[in-house]
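To start, the structure itself, in structure tokens.
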Amino acid sequence: MKVKEIMSSPVVCAPADTPIAELATLLARHAISAVPVTEEGEGVIGLVSEYDLLARRGKVARDIMSPGIISVNEETDVDEVRYLLIERRIRRVPVVAGQKLVGIVSHSDLVRQMALQWYCDICGEPVRGEHPPTACPKCTAPAARFAEGDEPPGV
């Protein structure tokens with residue numbers, strides 16, 4: 001499964017010169033724990049989290065952001081992102097197309113993807129993911145033959 005299938009989009013982001021109070025308002029209003037910081041012509045240059053707001057001093061996003069963030073593209077495999085989040089002990093990864101921010105993948109996106117399970121109504125094959133597969137890996141039935149649920153149909 002690719003990142004583009006599970007990422008959250010569009011992304012709430014903030015220009016580098018956004019005042020601290022506005023950053024706090026963005027996080028609270030959108031019920032998010034961090035916001036990517038963007039710079040015209042450079043794309044994503046950092047990230048401001050709730051921790052950064054509480055622990056660092058400054059007047060604008062650029063002053064308190066965590067720079068040097070790790071990003072991925074839309075075609076990155078979800079397992080690679082899972083590895084990054086765990087091994088680097090980070091909570092979210094921006095998704096970019098070139099320099100353009102197109103999405104973000106967080107722990108909650110991965111957990112949501114793990115929780116959804118689809119079953120083929122022909123052979124009962126289970127497949128996890130936010131969307132049903134294009135075809136059953138076992139009997140090649142089309143996506144239309146998949147139903148979301150906790151157990152196979154007829155059980």
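The values are calculated or read from the model by the stated rules, or taken from the named source; none is laboratory data. Because the structure is predicted, anything quoted here is derived from the model rather than measured. Cβ sites come from the backbone with ideal geometry, for glycine too, and all protein chains shown count toward neighbours.
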| said: It is to be established whether one or more residues within segment 52-70 are assigned to a strand (DSSP E or B), under 13 Å from VAL93 (Cα atoms) and touching a residue at least 24 places away in the same chain (Cβ under 8 Å). | reply: no
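Quick one: is VAL12 out of contact with any helix residue (DSSP H, G or I) (no Cβ under 8 Å at 6 or more places or on another chain), in contact (Cβ under 8 Å) with a residue 12 or more places away in the chain and in the same structural domain as ASP79 (by TED's automatic domain parsing)?
So VAL12 does not fit the description; no.
In segment 105-144, which residue that is of a type in the set (S, T, N, Q) and assigned to a loop (DSSP other than H, G, I, E, B) is nearest to GLY41 (Cα to Cα)? Lay out the reasoning, then the answer.
So the first thing to find is which residues in segment 105-144 are of a type in the set (S, T, N, Q), and the list is 106, 108, 113, 117, 134, 140.
Subset that is assigned to a loop (DSSP other than H, G, I, E, B): 134, 140.
Working: THR134: 37, THR140: 45 Å.
In this case the residue turns out to be THR134.
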| request: Return yes or no: is GLY43 touching a residue at least 24 places away in the same chain (Cβ under 8 Å) and at positive phi? | output: yes
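Based on this model, can you work out whether VAL44 counts as over 12 Å from LEU101 (Cα atoms) and assigned to a strand (DSSP E or B)?
Working: over 12 Å from LEU101 (Cα atoms): no; assigned to a strand (DSSP E or B): yes.
Against the criterion (over 12 Å from LEU101 (Cα atoms) and assigned to a strand (DSSP E or B)), VAL44 does not qualify.
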For ARG29, the lone unmet condition from (1) at pLDDT 95 or above; (2) surrounded by 17 or more Cβ atoms within 10 Å (Cβ to Cβ); (3) part of a helix (DSSP H, G or I) is (2)
- Item | Some residue of segment 54-75 being surrounded by fewer than 13 Cβ atoms within 10 Å (Cβ to Cβ), under 25 Å from MET114 (Cα atoms) and not assigned by TED's automatic domain parsing to the domain that holds PRO132 | yes
Within segment 88-104, can one find any residue that is part of a helix (DSSP H, G or I) and not assigned by TED's automatic domain parsing to the domain that holds PRO132?
no
Per the filter on segment 1-17, residues of a type outside the set (Gly, Ala, Ser), outside any helix (DSSP H, G or I) and closer than 24 Å to VAL72 by Cβ are MET1, LYS2, ILE6, MET7, PRO10, VAL11, VAL12, CYS13, PRO15
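Matching residues to (1) within 18 Å of SER9 (Cα to Cα); (2) modelled with pLDDT under 95; (3) aromatic (Phe, Trp, Tyr); (4) out of contact with any helix residue (DSSP H, G or I) (no Cβ under 8 Å at 6 or more places or on another chain):
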residue	(1), (2), (3), (4)
LEU54	no, no, no, yes
GLY58	no, no, no, no
ARG88	no, yes, no, yes
LEU110	yes, yes, no, no
ILE122	no, yes, no, no
PHE146	no, yes, yes, yes
